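Structure record follows, encoded as structure tokens.
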Amino acid sequence: MMMKKTVLLFICLLTAGVVLAGGHWVGTWGTAPQLVERHNNPPAPGLANNSLREIVQVSIGGKKVRLKLTNEFSKEATEIKAIELSIAKTSGSSSEIDEKSTVSLTFDGKPSVTIPAGGQIVSDAVKFPIGNRENVAITIHYGSVSPSVSGHPGSRTTSYIKEGNTTDFTGAVRTDHWYNIQTLEVEAPKKAGAVVILGNSITDGRGSTTNEQNRWADVLSRRLLANKATSKVGVLNMGIGGNCVLRGGLGPTGKERYQRDLFGQEGVRWIILFEAVNDLGGSRNGVETAQRIIDVYKDIITQAHEKGIRVYGATITPFKGNNYYSPDHEKGRSTINEWVRTTDLLDGVIDFDKAVRNPEDPEAMQKEFLFENDWLHFNAKGYETMGSSIDLNLFY
């Protein structure tokens, strides 16, 4: 009996040692996956038996990384023959890489892997030094692929498709979408953590500049990194264009996806809730819709606090002038914003409404922030204003 106890103790200590050796992992880049709509599917020549180079800009740096891929919304398995990571020479405007930086990923020690239909996979950890806000090229060599593709259409970053198993993307087909990639994680100091944002197109970056990485979340990330007290904070943008909290819209609803997109991330210490405008714009009763959204927020807050995660509410930005606007929908927006500003359930407030509204017409945004005159989305200046308005003390 004593021998069995000794062996069991040894196994437990060995297991603990393996866990400790795994280090502290934090998400440095991420995107919220969905079923890619037909018109956003990969253009010819497609992904099957071809190569795809996708570029992402990380938030915090590190020396070891691992990559999470998704096939969540695909009806058939997707075969990956190999994946390489490289430092990209641009933030998406070209496919060029620093070839000396290239490393190959493995999955349980093997270069190839098949992602089952509806599944996700995480690569083995690999040494791959990256700096803060560095650009990373993810080159995927596909075998057979599912005709229904899991990905993120609103990349605001160019990807490159080339026929065959190749690393030469000269003359590649360009497409401004991400496919199959979900999260890049870094091994980081224990004091490092991530803020993850649940949002819609305003967080996803509609109106920002393609390949310039100037969404409001990017602005926040750069400010955090430049501030010594917050220089180890990663930012994960879980915005989906057209997304709703309750029902309808594009992608799984906020209510359906928050477990995955908020609590499924590594190293999360803060959450920002900034959804609801699409729900309000299509609602029949603005105040009733607002109350149902608040109920979802309350569920998220309760679960987050149980995990020791702080939650910040962001006020809904004005949309007078857009077809979403009506006096009833405005009442819904006011209901959510009043709750965000006054509830003691949230750990803090990010007042985007105050930052961008027109002082002479508070139900509308300032005209200088307009994107395509739609009175809903912001241009780069508007996103700069939003990201710059956030109090960094929230992340100490």
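No lab work stands behind these numbers, since they all come straight from the coordinates. Predicted, not measured: the structure shown is a model, and the values here were computed from it. Positions of Cβ are backbone-derived with ideal geometry, glycine not excepted, and every protein chain shown enters the neighbour counts.
Cα centroid separation, segment 357-392 to segment 176-194: 28 Å. Based on Cα atoms of segment 277-396, Rg over Rh with Rh as the Kirkwood radius reads 0.98.
Only DSSP H runs of four or more residues enter the estimate; each adds -39500 (n - 2.57), and after division by the residues of the chain the mean residue ellipticity at 222 nm equals -7500 deg cm²/dmol.
All C-alpha pair distances within segment 25-182, sorted into 10 Å bins from zero, spread as 12, 45, 38, 6 percent across the bins. To the nearest Å, what is the center-to-center distance of segment 33-48 and segment 87-142, using C-alpha atoms only? About 20 Å separates the Cα centre of segment 33-48 from the one of segment 87-142.
In a DSSP loop and with at most 11 other Cβ atoms within 10 Å, the trypsin sites (Lys or Arg not before Pro) in segment 158-194 are 190, 191. The trypsin sites (Lys or Arg not before Pro) found in segment 297-396 that occupy coil by DSSP, while having at most 13 further C-beta atoms within 10 Å, are 307. The mean sequence distance of close C-alpha pairs (under 8 Å, at least 6 residues apart), as a share of the length of segment 25-182, puts its relative contact order at 38 percent. Put in order of Cβ neighbour count within 10 Å, fewest first, the listed residues 328, 295 become 295, 328.
Obtain the radius of gyration and the Kirkwood radius of the chain from its C-alpha atoms and give Rg over Rh. Don't skip to the end; give the middle numbers.
Values: Rg = 21.6 Å, Rh = 21.8 Å.
That ratio is 0.99, to two decimals.
Counting pairs of alpha carbon atoms under 8 Å apart in space and at least six apart in sequence, what relative contact order in percent does the chain give? Relative CO of the chain lands at 17 percent. Beyond 25 Å in Cα-Cα separation lie the following of the pairs 81/190; 68/190; 228/367; 68/89; 331/367: 81/190; 228/367. Normalised size of segment 142-259, defined as Cα radius of gyration per 2.2 N^0.38 Å with N residues, equals 1.23.
In terms of overall dimensions, the C-alpha atoms belonging to segment 191-395 reach 46, 34, 30 Å along their principal axes, ordered largest to smallest.
Of the GluC sites (Glu not before Pro) found in segment 286-385, those in coil by DSSP whose Cβ has at most 16 other Cβ atoms within 10 Å are 360, 372.
Globularity index of segment 279-328 is 1.41 (Cα radius of gyration / 2.2 N^0.38 Å, N = number of residues).
Residues 377, 177, ranked from the fewest to the most other C-beta atoms within 10 Å, line up as 177, 377.
Mean Kyte-Doolittle of at least 1.6 and a Cα length of 27 Å or more along the axis: which whole DSSP H helices of the chain meet both? Each step should come with its number before you reach the end.
Values: long enough: 2-21 (28 Å, 1.96); 286-306 (30 Å, -0.27).
Membrane-span-like by this criterion, though nothing is claimed about a membrane: 2-21.
Kirkwood radius, segment 250-294, all distinct C-alpha pairs, inverse of mean reciprocal distance: 12.0 Å.
What is the order of 28, 158, 302, fewest Cβ neighbours within 10 Å to most? Present the calculation step by step, with values, prior to reporting the outcome.
Numbers: 28 31, 158 21, 302 11.
Taking fewest neighbouring Cβ atoms as first place, the list is 302, 158, 28.
Between residue 391 and residue 229, the distance separating the two model label sites (each 7 Å from Cα on the Cα→Cβ line) works out to 1.1 nm.
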